[in-house]
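Take a look at the structure below.
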Amino acid sequence: MNYTLNNFLHNLLLSSASDNDNGEVISVITTDPEEEIPAAELPAELPILAVRNTVLFPGVVLPITVSRKKSVRLVRKAYKGDKTIGVVAQKNTNADDPSPEDLFSVGTVARILKMLVLPDGNTTIIIQGHSRFKIEEITQEDPYLTARVSYCQETNLNKKDKEVKALVQSLKDAAAKILKLNPEIPQEAQVALDNIDSPAFLTHFLSSNLNVEVAQKQQLLEVNDGTERGTQLLQLMLREVQLLELKQEIHTKVHTDIDQQQRDYFLRQQIKVLQDELGQEGPDKEIENFRDRAVKKKWPEAVAKHFKKEIDKLARLNPQAAEYPVAVNYIEFLLDLPWKEYTKDNFNLKRTKKILDTDHYGLEKVKERILEYLAVLKLKNDMKAPILCLYGPPGVGKTSLGRSIAASLGRKYVRMSLGGVRDEAEIRGHRRTYVGAMPGKIISQIKKVGSGNPVIILDEIDKLASDFRGDPSSALLEVLDPEQNHTFMDNYLDVEYDLSKVLFIATANSLDTIQPALRDRMEIIELTGYTMEEKLEIAKRHLVPKQIKEHGLLEEDVKITKPALQKVIEDYTRESGVRSLERKIGQLVRHIAKLKAMEEEYPHTIKPEDVTKIMGAEIFDKEIYQDIDTAGVVTGLAWTSVGGDILFVESILSKGKGKLTLSGQLGDVMKESAVTALSYLKAHANLLDIDYRIFDQYDLHIHFPEGAVPKDGPSAGIAIFTSIASMFTQRKVRSRLAMTGEITLRGKVLPVGGIKEKILAAKRAGVTDIILCQKNRKDINEIPEQYIKGLNIHYVDKVDDVIKIALLKEKVKHPLDLTVTEDRKMEVE
């Protein structure tokens, strides 16, 4: 370098490395070595000067302040002699009197260029590094450390080598970036960097000035290969570049944010002035509007106090704060809710009855119960009554009944679909502390309709789910309890709201999935489905006119005859409700609409044969009673989700060891009914003149046709018993007879459900005689007389009565030869 030592004396006196200073070196002075000390002239034993917080590299000039007694003695003696010392960094920087274990093993031979005694008594020396050495053995510890050393051989860097050139250029580029990114480094350092010509000294110079820990510098010093040292140094420098770039990016971003805030503040002040000039509302005006609206609200005193507290809090908030819009939304929600704002009820029950009869054909029992419910409300004017739950299969009109009730009362109508709701917050709302908090569905719908006494349909209440987010069915317990819902607390609203004036009507397809505590709060009204006659009337009165209107036709354009509608119902739909029937009628009307739009000839009256042409082959086959001259075949009655149906039970015997086989995709309950029936028959075989040995010598197989359809339930019990009794006795079963009832091991017949649907299915199939449990008589009394006309119903209490009615004394034409072999006796010798 072109700098002399005297150029650095000023900086030297201001800052220097120290053998007792725990801080970092503020400034390191470097110079290109003018000449190397020959290895032969280097002593085999060196006095060792321990330094902290720095590492001396060959060629580097470094100022060091010496204050420890041992170090002062060493420096003064060396300065008077050949001025050669060994400089080694300390491992333990806290050691004031370092032992050999506290020192690194590799150091640098240094020449003392200058020694200055400062006024405070400390001694400062300027040293220049030369060769590296390794401590082999400590030979002396007092009055200072002395060690026998060996000198490290270093692989020289050939600056003409391409790899070395590339490495040197990369080091200089990285150093230039550091100088550019770090404003604390003086710009003169770039000049010094450009004047370095030696690749070896470049690595020493940069290593000495690199802002890393002493341990990492020591690692660089201990590397013998110059190329490897340069590579490691480049890695450290590139890391330093990344840190400096990140620091500068953060600084720039923070500075930009501050500038943006100042700019936004200035613009907001301008907007405020412009709003005042134009007479537009600002935050203060908005708060005043809220207060004016609150004066007109008829809310409870507790809510008024809560609102005042919230509006005062809003007035103290900075309009630019993140909480401000949240608080505004909450206050607006409080003001928009209808507090003690109700629609006037129209309790004209004759009008209500007329609306229900117009909108829904049939369902007389259901409509009667609804009228009773509304009559009590009219007389008592109190909603503390069980919540109605309309229960039945899909498509029977549960939801539309609720709509008709709302229309008859003159109340607002709200439908809430609960299917798949699994989050408790959907009912109770979120707490306002959450991001994106919202009120629950019930409070939201009440706010939407603007009335405190709407009719709310809780649709599909049986399809509520639950998971880790909570159990919404439990949250509904408070909503649907008349003793509690006058103080309903929504988490978002955070004040009590009166739900006692709301008329809740729930709908469900199944009661099994409804929580027992929730079911206890509701009065179950069952909608069993429609008969054939009712479906015909519904189609004529409602479905056909609706589809004609929706497809852009006129009444005179198309007419569907009653036989055609009956064919659609029987052959193309199989359901309790009328949803599929409406779609099929829409298909017929759509065909006519297409022909009319294409200006083609089309039939104005649709007959049964036209139905087959338009809709194709029949989808469903009706189960018709079949006269079978075979023992073991009995007709049972079954209930399905789409109505009643007849069910055949078939039994057969084969030579074997008394094995029982069941087939037809049966559930556990039906399998148990079969086992019970067989056990009872075995126990009472003598009553039917059956040889008890036959049970052990023949296998019994009971089959239920339509094996793809799952079947379960206890109601086939007496049908199974009659089937196997017929099989074992080979007696014929009475013609056109069907039966349903549960059997016990004592031979009692128990009542079953779905009687109305089963009776209608039997009548459609051509059955004339039906066997029921005596306790099912009450169900028959509730069925209109026209539906059971022509049926002979036999009521029984025991299976013995069933046998007397069902089995004829004559046997089948070709009876099975049920021969019983004699028991084989063991011969005893």
Filtering helices (runs of 4 or more DSSP H) wholly in the range 320-388 for at least 2 residues that are touching a strand residue (DSSP E or B) at 6+ places or on another chain (Cβ under 8 Å) gives 364-380
Checked the range 305-320 for anything exposed (fewer than 15 other Cβ atoms within 10 Å of the Cβ) and free of Cβ contacts under 8 Å to residues at least 24 places away in the same chain; matches are Lys305, Lys308, Lys309, Asp312, Lys313, Arg316, Asn318
**Message:** Please determine whether any residue of the range 175-182 is of a type in the set (S, T, N, Q) and in contact (Cβ under 8 Å) with a residue 40 or more places away in the chain.
**Reply:** yes
Checked the range 304-329 for anything in contact with a Phe, Trp or Tyr (Cβ under 8 Å, 6 or more places away or on another chain) and closer than 21 Å to Lys448 by Cβ; matches are Phe307
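With Val117, Val87 as the choices, which residue is among the hydrophobic types (A, V, I, L, M, F, W, C) and closer than 22 Å to Val223 by Cβ?
Val87
Restricting attention to the range 621-633, does a residue exist that is closer than 21 Å to Glu757 by Cα, among the hydroxyl-bearing types (Ser, Thr, Tyr), touching a helix residue (DSSP H, G or I) at 6+ places or on another chain (Cβ under 6 Å) and buried (at least 17 other Cβ atoms within 10 Å of the Cβ)?
Yes: one or more hits.
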The helices (runs of 4 or more DSSP H) lying wholly within the range 142-259 that contain at least 2 residues that are in contact with a Gly (Cβ under 7 Å, 6 or more places away or on another chain) and either within 28 Å of Thr84 (Cα to Cα) or not assigned by TED's automatic domain parsing to the domain that holds Thr84 (or both) are 162-181, 199-209
Considering the range 112-141, residues that are farther than 18 Å from Gly81 by Cβ and basic (Lys, Arg), and then whichever is surrounded by the fewest Cβ atoms within 10 Å (Cβ to Cβ), we arrive at Lys134
With the first residue restricted to the range 240-257 and required to be closer than 22 Å to Lys172 by Cβ and of a type in the set (Val, Ile, Thr), and the second required to be surrounded by 13 or more Cβ atoms within 10 Å (Cβ to Cβ) and at pLDDT 70 or above, Cβ contacts under 8 Å at 6 or more apart or on different chains are Val241/Ala174; Val241/Lys177; Val241/Ile178; Val241/Leu181
Got at least one residue in the range 333-347 being buried (at least 16 other Cβ atoms within 10 Å of the Cβ), closer than 25 Å to Ile442 by Cα, among the β-branched types (Val, Ile, Thr) and not assigned by TED's automatic domain parsing to the domain that holds Met438?
yes
For the range 589-600 the number of residues that are surrounded by fewer than 21 Cβ atoms within 10 Å (Cβ to Cβ) and either closer than 30 Å to Ala765 by Cα or within 43 Å of the chain's Cα centre (by Cα) (or both) is 1
The residue from Ser651, Ser673 that alone is assigned to a helix (DSSP H, G or I) and either in the same structural domain as Met739 (by TED's automatic domain parsing) or free of Cβ contacts under 8 Å to residues at least 12 places away in the same chain (or both) is Ser673
Condition first: of a type in the set (S, T, N, Q) and within 20 Å of Tyr795 (Cα to Cα). Can you find one or more residues in the range 639-658 that meet it? no
Pairs returned, first residue in the range 199-210 that is on the phi > 0 side of the Ramachandran plot, second residue that is outside any helix (DSSP H, G or I), beta-carbon separation under 7 angstrom, 6 or more apart or interchain, are none
With criteria (1) more than 29 Å from Arg574 (Cβ to Cβ); (2) outside any helix (DSSP H, G or I); (3) over 47 Å from the mean Cα position of the chain (by Cα), Thr661 comes up short on (3)
Q. Condition test on Ala78, is it modelled with pLDDT of 85 or more and among the aliphatic types (A, V, I, L, M)?
A. yes
Kindly evaluate Lys70 against the criterion of being out of contact with any helix residue (DSSP H, G or I) (no Cβ under 7 Å at 6 or more places or on another chain) and basic (Lys, Arg). yes
Log entry, pairs with first residue in the range 700-713 being touching a residue at least 12 places away in the same chain (Cβ under 8 Å) and surrounded by 17 or more Cβ atoms within 10 Å (Cβ to Cβ), second being part of a loop (DSSP other than H, G, I, E, B) and aliphatic (A, V, I, L, M), beta carbons closer than 9 Å, six or more apart or on different chains, reads Phe704/Ala716; Gly713/Val752
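With Lys365, Lys378, Lys398, Lys354 as the choices, which residue is touching a residue at least 40 places away in the same chain (Cβ under 8 Å), at negative phi and surrounded by fewer than 16 Cβ atoms within 10 Å (Cβ to Cβ)?
None of the other options fit; the residue is Lys365.
The values are calculated or read from the model by the stated rules, or taken from the named source; none is laboratory data. For clarity, every value in this text was computed on a predicted model and none was experimentally measured. Neighbour counts run over all protein chains shown; Cβ positions are idealised from the backbone, glycine included.
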